[in-house]
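Comments concern the structure below.
Derivation of every value follows stated rules applied to the coordinates shown; laboratory data play no part. Keep in mind that what you see is a predicted model, and the values were worked out from it rather than measured. Glycine gets a Cβ as well: all are built from the backbone with ideal geometry, and neighbour counts include every protein chain shown.
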Amino acid sequence: MNIFGRSGSLAGYVLIAAMAVVATGGGFAAAAGGSSSGSKTLHACAKKKTGALRLARRCHKKTERRVSWNIRGPKGATGATGATGATGATGATGATGATGPSDAWETRYSGSVNITSQTAGEAVSVPAGSYDVSAKAQEQNRDTVNFATMRCTLQAGSTVLDTVYSTAPPYNSPVYGYGDAVNVMHAAFTTSTGTIFSFGCTGVGAGDLYVSNPTLSAIKVGALH
């Protein structure tokens, strides 16, 4: 009986071969002469009249025809990308990091310095960055007759950032603070290589002049606006 519609059709051969695989649990290698060890091709003989298969390398030319097929077909195309998985749970909070280094520099001289014929002040060395810089000095005129003027200059290296003058009246001992004046300076500056911020005060003209408690501070900021 011909179950394929045409005696000896290739489709029939393959179907019978598949049935043989099911019947034997896929054990083609167990069929004598069907495949040598390490071979990638199966060989069989198909009855010309019925299409019945038997695994063998040699066929009867009058009653059978040879057929063969690969043990493994070509690699299939890559499948579609799967759906994105669900978001995982939030991880635990990490430990608090160590406190970073200070980003402010300040220097102060406690006391008074005579600046009638000299310059006195303070300085700080800073790394690269942007800075908000300020300086303060108190002028003390100890001359009881003449007014006195103090000039203070704020610099970054050799670059002058600010210059301020203050004038104090003659000293009058019974009046607290009389004969004093305050000199304040401020600037913003950015350096790419680091610099030295400094300020100095000196007397201008007549007078017995002192500078008291000169203070310089530089605060590093993220950006200047």
Proximal lysines to residue 220, defined as alpha-carbon separation beneath 25 angstrom and excluding residues fewer than eight positions away on the same chain: 136
Separation of the residue 146 and residue 77 label points, Cα + 7 Å toward Cβ, nm: 10.1 nm
³J(HN,Hα) computed for each position of segment 123-139 - Karplus, 6.51 cos²θ - 1.76 cosθ + 1.60, integer Hz, glycine/proline x: 8, 9, 9, 10, x, 4, x, 9, 9, 9, 10, 9, 9, 9, 9, 9, 8
Where N is the number of residues in segment 95-141, Cα Rg divided by 2.2 N^0.38 Å: 1.73
Tail beyond 16 Å, pair distance distribution of segment 35-156 (Cα, percent): 82 percent
For q = 0.12, 0.13, 0.19, 0.24 Å⁻¹, Debye-computed log10 I/I(0) when each Cα of segment 116-187 counts as one equal scatterer: -0.41, -0.46, -0.80, -1.08
Two-site FRET efficiency, residue 125 against residue 186, from Cβ-Cβ distance with R₀ of 22 Å, rounded to 0.05: 0.65
In nm, spacing of pseudo-spin labels at residue 96 and residue 162 (7 Å Cα→C-beta vector): 3.5 nm
Computed label-point distance, nm, for sites residue 172 and residue 104 using a 7 Å Cα→Cβ extension: 3.8 nm
Mean Cβ neighbour count within 10 Å, used as a protection proxy, ranking 78-91, 115-128, 149-162, 132-145 highest first: 132-145, 149-162, 115-128, 78-91
